[in-house]
Amino acid sequence: MARYRNPEIYAAQQTSILRAAERCIRRYGFEGTAIAALCAEAGISAGRLYHYFPSKAAIIAALIAEAQAEALASLDPLATAAITPAALIAAVEAAALGVADPDYAAVALEIAASAARDATIAAALAAHERAVAAAWQAAIERGQSGGLFPAHLPADALAEAIALVLDGILGCRISKPDLTDAAIRQRVRFVLTPLLEHAAR
């Protein structure tokens, strides 16, 4: 007889493991996080852990999928309306404040470093970056089609520039932990405002 699996309980345990993994990664780094330490943090056995995730790389891939879902959800307001350059900058500022969260930044940088050594993680991270860039590009293109955004500006190139800005802010959070929200917004505007003003000419 097949064993019934309650999907809500299963999902809750997966989430508990992912939160434990984040705590371990912040504490020990990705490479320093042993399965034994992760299991101890999650309060489960190794056999139980592998019931939910087949490997440490699978756990990281799940964390990346979570981050992707959160990023795309934050861009939902841009999905139904033609945006202006000012609205785009405001959205990037909000995204920058999100990636500048110290806990998020610490885990994200560890994941990025691990992608250089693990093909599974690299593939998951690349898919995440493509999906988020596509969402930014689609928002820009809607603004262009609505006549509210410079029509000749390459939407794909601007989406890549936004990704670079956000990656830079993430790095700044680690090297400059006292960076204020106002300073983060200022850096976003410093990079993007001249670019958009130049494109509008």
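The values are calculated or read from the model by the stated rules, or taken from the named source; none is laboratory data. Quick caveat, the model's predicted, so the values are computed rather than measured. Methodologically, a virtual Cβ is constructed for each residue, glycine included, from the backbone with ideal geometry; neighbour enumeration extends over all protein chains shown. Ligands, DNA and RNA are stripped out before the accessible areas are found, and what is left, the full protein with its side chains, is counted by its heavy atoms. Shrake-Rupley method; radii C 1.70, N 1.55, O 1.52, S 1.80 Å.
Tell me, which residue of region 170-188 that is surrounded by 14 or more Cβ atoms within 10 Å (Cβ to Cβ) and among the charged types (D, E, K, R) is modelled with the lowest pLDDT?
Within region 170-188, the match that is modelled with the lowest pLDDT is Arg173.
Which of the residues spanning region 107-134 are crowded, with 18+ Cβ neighbours inside 10 Å and in a helix (DSSP H, G or I)?
Listed by number, the residues that qualify are Val107, Ala108, Leu109, Glu110, Ile111, Ser114, Ala115, Ile121, Ala124, Leu125, His128, Val132.
Report yes if Ala58 is over 30 Å from Ile140 (Cα atoms), open to solvent by less than 60 Å² (accessible area, probe 1.4 Å) and in contact (Cβ under 8 Å) with a residue 60 or more places away in the chain, otherwise no.
So Ala58 fits the description; yes.
Report, ordered by the first and then the second residue, all pairs with beta carbons closer than 7 Å, sequence separation of six or more or different chains, a first member in region 157-169 that is of a type in the set (Gly, Ala, Ser), and a second member that is part of a helix (DSSP H, G or I).
Pairs found: Ala159/Ala133; Ala159/Trp136; Ala159/Gln137; Ala159/Ile140; Ala161/Leu195; Ala163/Glu129; Ala163/Ala133.
Answer yes or no: is there a residue in region 86-101 that is part of a helix (DSSP H, G or I), open to solvent by 60 Å² or more (accessible area, probe 1.4 Å) and not aliphatic (A, V, I, L, M).
Checked against the condition, which is being part of a helix (DSSP H, G or I), open to solvent by 60 Å² or more (accessible area, probe 1.4 Å) and not aliphatic (A, V, I, L, M), region 86-101 yields no hits at all.
Given (1) at pLDDT 90 or above; (2) more than 18 Å from the chain's Cα centre (by Cα); (3) surrounded by 13 or more Cβ atoms within 10 Å (Cβ to Cβ), identify the lone condition not met by Pro150.
The single condition Pro150 does not satisfy is (1).
Report whether or not Leu195 is among the aliphatic types (A, V, I, L, M), touching a residue at least 24 places away in the same chain (Cβ under 8 Å) and not in a helix (DSSP H, G or I).
It is false that Leu195 is among the aliphatic types (A, V, I, L, M), touching a residue at least 24 places away in the same chain (Cβ under 8 Å) and not in a helix (DSSP H, G or I).
What is the number of the single condition among (1) under 29 Å from Arg19 (Cα atoms); (2) part of a helix (DSSP H, G or I); (3) in contact (Cβ under 8 Å) with a residue 40 or more places away in the chain that Leu179 does not meet?
For Leu179, the failing item is (2).
Just wondering, is there one or more residues in region 157-169 that are of a type outside the set (A, V, I, L, M), open to solvent by less than 40 Å² (accessible area, probe 1.4 Å) and out of contact with any helix residue (DSSP H, G or I) (no Cβ under 7 Å at 6 or more places or on another chain)?
yes
Ala151 is checked against (1) outside any helix (DSSP H, G or I); (2) of a type outside the set (S, T, N, Q); (3) farther than 21 Å from Thr84 by Cβ and fails just one. What number does that condition carry?
(3)
When you scan region 10-32, do you find a residue that is at pLDDT 90 or above, among the β-branched types (Val, Ile, Thr), surrounded by fewer than 17 Cβ atoms within 10 Å (Cβ to Cβ) and closer than 27 Å to Asp101 by Cα, even just one?
yes
Among the numbered criteria (1) in contact with a helix residue (DSSP H, G or I) (Cβ under 7 Å, 6 or more places away or on another chain); (2) without any contact (Cβ under 8 Å) to a residue 24 or more places away in the chain; (3) not in a loop (DSSP other than H, G, I, E, B), which single criterion is violated by Gln186?
Result: Gln186 passes all but (1).
Search region 18-36 for residues that are touching a residue at least 40 places away in the same chain (Cβ under 8 Å) and pair each with any residue that is polar (S, T, N, Q) when their beta-carbon atoms are under 6 Å apart and the residues are at least 6 apart or on different chains.
Ile25/Thr33; Phe30/Ser114
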